[in-house]
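Scroll down for the structure; my scribbles are underneath it.
The values are calculated or read from the model by the stated rules, or taken from the named source; none is laboratory data. What you see is a predicted model; the values in this text were computed from it and never measured. Here Cβ is always computed from backbone atoms with ideal geometry, including for glycine, and neighbour counts include all displayed protein chains. Ligands, DNA and RNA are excluded from the accessible area calculation, which covers all protein heavy atoms including side chains. Shrake-Rupley method; radii C 1.70, N 1.55, O 1.52, S 1.80 Å.
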Amino acid sequence: NAGADVKYYLGKKRNVGITLGLTYNSFSNSVDSTAGTYSGKLNDFSAALGIEYSFMPKGKTQPYLGLELTGNFFSGEGKFVPTTGTETKATLKSASRFGIAIGGGIDFAFSKSVGANIGVKYHMANLIGKDSATSTVTNEYTLVDKEFTVGSFTSPAKNISYIQLSAGVSFFFNQPKKVVK
């Protein structure tokens, strides 16, 4: 994954902040069976708007917790290579889902304007917008994450969730005047 977050802290203490994040995630998998090999790739472009609480906004280490509302925009592709026969490829029809991310981390200030960040977030990417519609287009498939029934078979709803670990560089602007050492 790759992404960027912008945080703006409010008030004199600067311990409550508004966050904006943009992230690109790519998930892939391959499964071998006696019939052949299936491989798939799911891309997720995510935009997030949230709130964050910093426990020590004036310290050299600044631990924080946050909650974000996320928009997730999915695309992808799948490929089946049978042990005998012709390879089949299909494309995921673009889909939008909305969810939340809960996380935390630590900003380490190396100077007044530069630092490092480590963090972790738990994403629940498809809380709103699940769909069970299928595609009528050849070599196209849909996310199909909502519960549906065909005859006597019921397919349960699917939840898209993942854990994101991050590390990066922090640039501090408009810092509080006094930094605790």
Worksheet item: Toward the positive end of the charge dipole of the chain, about the Cα centre and with charges on Cβ (Lys, Arg +1; Asp, Glu -1), which of 148, 4, 127 goes farthest?
Response: 4
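Counting only heavy atoms of the protein chains, get the accessible area per residue of segment 1-151 (1.4 Å probe) and round it to a whole Å² value.
Here the per-residue accessible area is 59 Å².
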Worksheet entry | Estimated translational D of segment 7-76 in µm²/s (Stokes, Kirkwood radius over Cα pairs; 37 °C; 0.692 mPa s) | 221 µm²/s
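Express the relative contact order of the chain as a whole percentage, based on alpha carbon pairs under 8 Å and six or more residues apart in sequence.
Taking the mean separation of contacting Cα pairs over the length of the chain, I get 17 percent.
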Discussion item. If amide hydrogens are placed 1.01 Å from N in the peptide plane, which non-local residues have theirs closer than 5 Å to the one on residue 148?
Written reply: 155
Worksheet item: If we sort 162-171, 73-82 on the protection proxy, mean other Cβ atoms within 10 Å, highest first, what's the order?
Response: 73-82, 162-171
Fill in: Alpha-carbon centroid distance for the pair segment 87-145 / segment 39-86, whole angstrom
4 Å
Worksheet entry | the chain, accessible surface, carbon-and-sulfur percent (1.4 angstrom probe) | 63 percent
Item to complete: Order the peptides 141-147, 27-33 from the highest to the lowest mean number of other Cβ atoms within 10 Å of their residues.
Response: 141-147, 27-33
Practice prompt. Determine the dipole magnitude for the chain: charges of +1 sit on the beta-carbon of Lys and Arg, -1 on that of Asp and Glu, nothing else is charged, the reference point is the Cα centre, and the result goes in debye to the nearest 20.
Written response: 1260 debye
Worksheet, complete the sentence: Whole-Hz Karplus couplings 3J(HN,Hα) for segment 123-140, θ = phi - 60° and coefficients 6.51, -1.76, 1.60, Gly and Pro as x, run 9, 10, 7, 10, 6, 10, x, 4, 9, 10, 5, 10, 8, 9, 8, 4, 6, 9
Worksheet, complete the sentence: A correct Karplus calculation of ³J(HN,Hα) over segment 75-81, with 6.51 cos²θ - 1.76 cosθ + 1.60, θ = phi - 60°, whole Hz and x for Gly and Pro, returns 8, x, 7, x, 9, 10, 10
Worksheet item: How big, on average over all directions, is the shadow cast by the Cα convex hull of segment 79-166, in nm²?
Response: 10.0 nm²
Worksheet entry | Geometric extent, Cα atoms of the chain - Rg, Dmax (angstrom) | 21.1, 70
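Expressed as a rounded percentage, what relative contact order does segment 1-92 have, with Cα pairs under 8 Å and six or more residues apart?
About 25 percent, as a whole number.
Give me the percent of Cα-Cα pairs in segment 34-121 that sit more than 20 Å apart, rounded to a whole number. Let's see the in-between values first.
Working: 2247 of 3828 pairs.
Here the long-distance tail beyond 20 Å is 59 percent of all Cα pairs in segment 34-121.
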Worksheet, complete the sentence: Non-local residues with an amide H under 5 Å from the amide H of residue 160, with H modelled 1.01 Å from N and Pro and chain starts lacking one, are 125, 126
Response to the item:
Unit-weight point scatterers at every alpha-carbon of segment 130-176, Debye formula, q = 0.27 1/Å: log10 I(q)/I(0) is -1.05
Practice prompt. Using θ = phi - 60° and the Karplus relation 6.51 cos²θ - 1.76 cosθ + 1.60, list the HN-Hα couplings for segment 18-27 in order, rounded to whole Hz, with x at every Gly or Pro.
Written response: 9, 10, 9, x, 10, 9, 10, 10, 9, 10
